[in-house]
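Right, one structure below, let's go through it.
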Amino acid sequence: MTVEFALCLLTLFFLAGIGLPVAYAILISAFVYLGVNGQGVGIAGKVLMDGLYQSFILLAVPLFIVAANIMNAGTISERLLQFCVAAVGRFRGGLGHVNIVASLIFSGMSGSAVADAAGIGKIIIGMMTRSGHYTRGYAAAITAASATIGPIIPPSIPMVLYALVSNTSIGFLFLGGIVPGLFMGAVLMLMNTILSTRRDFAIEQPVPLRDLPRHTANAFPALLMPAILLYGIYGGVTTPTEAAAVAAAYALLLASLFYRALSLRALYGILVESARSSAAVGLVIGGALILNYVVASENIPNIVAEALVGLDVSPLIFLLGVNVLFLLLGCVLDATTIILVIIPLFLPACRELGIDLVHFGVVAVVNCMIGLITPPYGILLFVINAVTQIPLREIIGEIWPFLGVLVLALAGLILLPDIVLWLPRMFGYPG
């Protein structure tokens, strides 16, 4: 390790350790490297602009953020919840199942775990606590766990970022996330059933089956969004970025014209909040592009790849080891930082070991989403605490069973790559 790179890392860890936002810590540490190495700050500007101009796919990020915020602002979330209550609320632990199914459906619209937890999650937590059958901590914990599915089923902002750093097809990544997302929902529903039976949660008053068609009709336009997105991408009608624009436009039409639940004042607030969220992500992306230039200048990815190949590590052992590392990093880092800064270090090793990059990407994104509910950092735990005022102590006390089954699901995805690759191969993926 060179002195310049050592100073870069020390600066990064020191600034992050004293509480400076990670995006700023990355930028400053990269500038320290450039300065000590005798390179002008203008290099950073060139790297940043080249990275942005060559990454048309990045435009999908703010568009998906806008679509998610519009979905949360109108009555669309409530209509989806009414449909879910009518469909699965009749079973033991019914509102817990509603929570998970609602996240599965909403994940096909937002691509963001935070949007899922802060929007539809806040509503369902209120329903669960008002019913008197669930503790506040349980309602918050199952909401946080189910929100992790949001970025797995397409559209997915983290997968867009992974496609940026790995040059992998975003279409095949989206396809690869569908079955794992449904698998995660299934294991969470199984755990909810077990806990509901063990704790003898009361069964909700079932919605009559004759009312199910009416609730389905109310939610049907919103349920169409995932189908429109997938048809646009895989039917060759739109690129993923254009599909994100279609999603935002469709959400706007639904909320404003079809459901008539969105005023101009509310739309202005949505655009402002979306701009703030996009800027926050953009800062991390910008810092990561510059830091990745630093890492590439030091030839770190190739050194890591050669070291691992020299150790004669099998692909399975490599995948298990890297995922354990990602789980540990998820306790202290956010998903965006892991995807943009850490994952690129291991991509050359994946290529050397013959590991499929779509499989690796989906598994890595699932791992990062599990990190969102892993104490002590667990950003979803803090989001739900902020929007509901439920103490973190109560949420963390109930999160462990759901965290455990999600880790088991992750292990299944690692050991059985066909869970991820079956659907992409059906659409012509050669991997």
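Of note:
- Relative contact order of the chain, pairs being alpha-carbon contacts under 8 Å that are 6 or more residues apart, as %: 24 percent
- Using alpha carbons only: equivalent-ellipsoid semi-axes of the chain, gyration tensor based, whole Å: 36, 24, 22
- Computed from Cα atoms, the angle from the helix 60-73 axis to the main principal axis of the chain rounds to 20 degrees.
- Percent breakdown of C-alpha pair distances by 10 Å bin, ordered from the shortest bin, for the range 1-91: 14, 23, 23, 16, 14, 9, 1
- Between helix 392-415 and the chain there is an angle of about 70 degrees, using the helix long axis and the longest principal axis of the Cα atoms.
- Stretch gain in nm, segment residue 345-residue 186, where the contour uses 0.36 nm per residue and the Cα spacing is subtracted: 54.0 nm
- For the chain, the carbon plus sulfur part of the accessible surface works out to 69%, probe radius 1.4 Å.
- Ratio Rg/Rh, restricted to the range 111-223 and using Cα atoms, in which Rh is the Kirkwood radius: 1.04
- Tilt relative to the chain, helix 120-131 - C-alpha long axis, 0 to 90 degrees, to 10: 40 degrees
- Size-normalised alpha-carbon gyration radius of the range 252-342, reference 2.2 N^0.38 Å: 1.71
- Think of the range 109-237 as a dipole: +1 on every Lys or Arg Cβ, -1 on every Asp or Glu Cβ, centred on the Cα centre; then among 146, 156, 183, 146 lies furthest on the positive end.
The values are calculated or read from the model by the stated rules, or taken from the named source; none is laboratory data. What you see is a predicted model; the values in this text were computed from it and never measured. All Cβ positions, glycine included, derive from the backbone under ideal geometry; neighbour counts span all protein chains shown. Quick note on the areas: whole protein, heavy atoms, side chains included, nothing else; ligands and nucleic acids left out. Shrake-Rupley method; radii C 1.70, N 1.55, O 1.52, S 1.80 Å.
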